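Quick notes on the structure that follows.
The values are calculated or read from the model by the stated rules, or taken from the named source; none is laboratory data. Predicted, not measured: the structure shown is a model, and the values here were computed from it. Heads up, the Cβs are rebuilt from the backbone with ideal geometry, glycines too, and the neighbour counts pull from every protein chain shown.
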Amino acid sequence: MKTTALTAIHKELGAKMVPFAGYDMPVSYEGVNIEHKTVREHLGVFDVSHMGEFFVEGPEAEKLIQYITSNDITKIKDGQAQYTCMPNTENGIVDDLIVYKFNSEKYLMVVNASNIQKDWEWANTHNSFDAKLTNASEEYSLLAVQGPKAIEAMQALTEVNLKEIPYYHFAVGTFANCEDVIISATGYTGSGGFELYIKNENAEQVWSSVLEAGESFGIQPIGLAARDTLRLEMGFCLYGNDIDDTTSPLEAKLGWITKFDTEFVNKENLLKQKEEGLQRRLVAFEVTGKGIPRKDYPILDTEGNAIGHVTSGTQAPSLGKAIGLGYVKTGFHLAGTECLIQIRKKQVPAVLVKLPFYKS
């Protein structure tokens, strides 16, 4: 079991620790509902150091990224980030990720913890370009400082003007007296904030400084359980649940990051899938009856016929209702469509809705 640079601190704080993607990670401290509400209303800090970091450098760094990812990397400028995915050759997704552009010859790919080795091998296999790949995953810690108070609370720790970093942009500067911190206006909660990429040796210092600076703003450490409920309220996909090696970006409503005017792995097959029509779609639903949907629960039409399955589900703390994502047959995918969720022995009514579930 791997640990992060902050594992000992989490245990001292009384966090409930669980195995996740090969790491010993804090799933909760006070409880998922309390932590969820803290991020929505105030400020929380997550240790997400299990994520992977690959630097891509060289004259053809951009060409490599353009080829292995589905979005158009040429559209972003220095200091900007882009959400994208790496398609496989079977109409599935190797991983979804964020790419950061420092300059035309230096990029950072941030990948999911469970896919680090798979992604590393995939990127190297397709690197026929004049580009150098460096796996820095074991060198970096990643803190997500999330919530509406993030700018106000964190500004005291850096001379970088946090208000001037737009969403999906980043700056590199001194933070909590540590140099070369990547300060990124990204996150997976839908409540604003920053992600801080820091060298492992500075992780404890930055963690302590963040908690101290945020104390008067109600900051609390937050576990992975609340991270999951927060992202699900926004309808953000989780790899291994809502997308995986068998789901195409088109089925997963990721057509907006699939740019067919670029050349990328499996473009022709995905274009063919688009032209021939999708057989299933990722949908969002709210449960109108009583019960909480969970991964792999069957989704039925109103006559009780199987039409799909749940990929993510929870009782949404911000909404006071059960919500979920899942795949259904095309034709049953439009918002307003009524359906049933098989929750154990009961068929519980639900209705398809537009995303996001949570609207601030």
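Looking at segment 63-75, can you tell me whether even one residue there is free of Cβ contacts under 8 Å to residues at least 12 places away in the same chain, under 20 Å from the mean Cα position of the chain (by Cα) and surrounded by fewer than 17 Cβ atoms within 10 Å (Cβ to Cβ)? No - not one qualifying residue is present in segment 63-75. Tell me, please, whether a residue that is modelled with pLDDT of 95 or more, among the small types (Gly, Ala, Ser), part of a loop (DSSP other than H, G, I, E, B) and closer than 23 Å to LEU254 by Cβ can be found in segment 290-301. Within segment 290-301 (the criterion being modelled with pLDDT of 95 or more, among the small types (Gly, Ala, Ser), part of a loop (DSSP other than H, G, I, E, B) and closer than 23 Å to LEU254 by Cβ), the answer is no, since none of the residues qualifies.
State whether one or more residues within segment 123-131 are within 19 Å of GLY58 (Cβ to Cβ), in contact with a Phe, Trp or Tyr (Cβ under 8 Å, 6 or more places away or on another chain) and either modelled with pLDDT under 95 or among the small types (Gly, Ala, Ser) (or both). For segment 123-131, residues within 19 Å of GLY58 (Cβ to Cβ), in contact with a Phe, Trp or Tyr (Cβ under 8 Å, 6 or more places away or on another chain) and either modelled with pLDDT under 95 or among the small types (Gly, Ala, Ser) (or both): present. Of everything in segment 312-360 that's of a type in the set (Gly, Ala, Ser) and part of a loop (DSSP other than H, G, I, E, B), which residue is nearest to ARG227 (Cα to Cα)? Going through the qualifying residues, I end up with SER318.
Checking ALA153, ALA176 one by one, the residue that is within 20 Å of VAL39 (Cβ to Cβ), among the small types (Gly, Ala, Ser), surrounded by 14 or more Cβ atoms within 10 Å (Cβ to Cβ) and assigned by TED's automatic domain parsing to the domain that holds PRO26 is ALA153 and no other. Against the test of being at pLDDT 95 or above, surrounded by 23 or more Cβ atoms within 10 Å (Cβ to Cβ) and assigned by TED's automatic domain parsing to the domain that holds MET25, the options PHE170, PHE217 yield a single qualifying residue, PHE170. Among the criteria (1) under 22 Å from PHE217 (Cα atoms); (2) crowded, with 22+ Cβ neighbours inside 10 Å, the one VAL181 does not fulfil is (1). Which members of segment 10-30 meet the condition of being surrounded by 14 or more Cβ atoms within 10 Å (Cβ to Cβ), within 21 Å of the chain's Cα centre (by Cα) and not hydroxyl-bearing (Ser, Thr, Tyr)? Answer for segment 10-30, where residues must be surrounded by 14 or more Cβ atoms within 10 Å (Cβ to Cβ), within 21 Å of the chain's Cα centre (by Cα) and not hydroxyl-bearing (Ser, Thr, Tyr): MET17, VAL18, PHE20, ALA21, ASP24, MET25, PRO26, VAL27. Inspection of segment 265-275 identifies no residue that is touching a residue at least 24 places away in the same chain (Cβ under 8 Å), among the basic types (Lys, Arg) and part of a loop (DSSP other than H, G, I, E, B). Within segment 204-232, restricting attention to residues that are in contact with a helix residue (DSSP H, G or I) (Cβ under 9 Å, 6 or more places away or on another chain) and of a type in the set (A, V, I, L, M), the residue that is nearest to GLU12 (Cα to Cα) is ILE222. Name the residue, out of GLN279, GLN273, that is within 16 Å of CYS85 (Cβ to Cβ) and more than 20 Å from the chain's Cα centre (by Cα). Of GLN279, GLN273, the one residue that is within 16 Å of CYS85 (Cβ to Cβ) and more than 20 Å from the chain's Cα centre (by Cα) is GLN273.
Residues of segment 18-72 being in a loop (DSSP other than H, G, I, E, B), hydroxyl-bearing (Ser, Thr, Tyr) and under 24 Å from TRP256 (Cβ atoms), which ones? The answer is THR69, SER70.
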